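For reference, the structure is listed below as structure tokens.
The values are calculated or read from the model by the stated rules, or taken from the named source; none is laboratory data. Because the structure is predicted, anything quoted here is derived from the model rather than measured. Because the Cβ atoms are built from the backbone with ideal geometry, glycine has one as well, and the counts that use them run over all protein chains shown.
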Amino acid sequence: MADVKSVRPGWYNAFRPWSLHGAVIPVLIGGAVAYYDGYLDQTNWWIFVMVLICGILLQSAANLLNTYGDYVRGTDTVDTLEDRSRSPELVTGTLRPKAIFMAGLACLGITALCGVVFIWYIGWGILFFGILGIAGAGLYTVGISYKYHAMGLISVFFMMGILMPLGTYYVLSGEMSYVVLLMSLPNAFVLTAVLSGNETRDYYEDKQAGVRTLSSFLSYEGSLRLYLVLNAIAFPVLLVLIVFQTIPWACALAFITLINMYLLYGNAKGAPNDKKKSRLLVPLSFRMNWHFGLLLVAGYLIGQYIIPGAF
């Protein structure tokens, strides 16, 4: 069983590199399908790398601005540090709020500059994805702060789980793909479950601080059930896609992560009465998404190139 490691306040923790599954996996899904469709080769690989970097920058911006937003709104305080804050940089005074805020804006700014290159390469259509991506990362807990209006889970599902793979495919091809859309669905559920685990872990502290997440409208047990359902539903969705030959049967490699699901479920059962297990909700989801997403992409490529007739 994984354990919750104490975090050391600083820039590394502020960027939360372990959370980059939220950007890397969706981009890989879009890139894998584009590669099979002939839109990604040695002539434009650098565009794909730029898309991947932009995805990482957007995720980093969201992490930094979330730390800033939660701090200035009083959600993260010294009183909540021991029990809930995994981003203690501002609470402990290790970093200054302005530094965190400016770093987040810098990530968004670099992404916007890269967007100019994407427009030059593929056209103005990519602007739709770029605006939504920057707005989604920048306004989570700053500005309209849609996290506090119960829109966090919905935003992650659509903006990161669905639009990021579609945007990756579009910038490489100039087209949309129903295969990318459908293949992104099971990963979108697992990805959204990570934030659900975060909201469940912080359930009582968010209630006390008046934070209106989607999970806060449920009981703690209801929030925990939502977390489990979001993780579990990925498997029947994946099965349907394979049965109807939307994706290669080799994508069944992702079913290996039923092991992760078993561990995740066992931990969740004890979470209501064990703070340590409650804190493990998020790390176990991180691991689940990394494993599920990478195996899904690997299965797709294996099915298309290594095992003839796997589609």
Quick one: how many residues across the stretch 205-224 are without any contact (Cβ under 8 Å) to a residue 40 or more places away in the chain and surrounded by fewer than 15 Cβ atoms within 10 Å (Cβ to Cβ)?
5
Consider the stretch 140-197. How many of its residues are touching a helix residue (DSSP H, G or I) at 6+ places or on another chain (Cβ under 6 Å), at negative phi and not in a helix (DSSP H, G or I)?
4
For the stretch 266-309, what are the residues that are hydroxyl-bearing (Ser, Thr, Tyr) and either under 30 Å from GLU205 (Cα atoms) or surrounded by 24 or more Cβ atoms within 10 Å (Cβ to Cβ) (or both)?
SER278, SER285, TYR300
Would you check which residues across the stretch 237-261 are of a type in the set (S, T, N, Q) and either in contact with a strand residue (DSSP E or B) (Cβ under 9 Å, 6 or more places away or on another chain) or buried (at least 19 other Cβ atoms within 10 Å of the Cβ) (or both) and list them?
THR257, ASN260
Would you kindly identify the helices (runs of 4 or more DSSP H) lying entirely within the stretch 214-311 that contain at least 2 residues that are more than 23 Å from ARG16 (Cβ to Cβ)?
220-232, 234-243, 258-270, 281-305
Candidates LEU172, LEU181, LEU139, filtered to the one that is of a type in the set (A, V, I, L, M) and surrounded by 20 or more Cβ atoms within 10 Å (Cβ to Cβ)
LEU172
Extreme residue, modelled with the lowest pLDDT, among residues of the stretch 43-82 that are within 27 Å of ILE162 (Cβ to Cβ) and of a type in the set (Ser, Thr, Tyr)
THR67
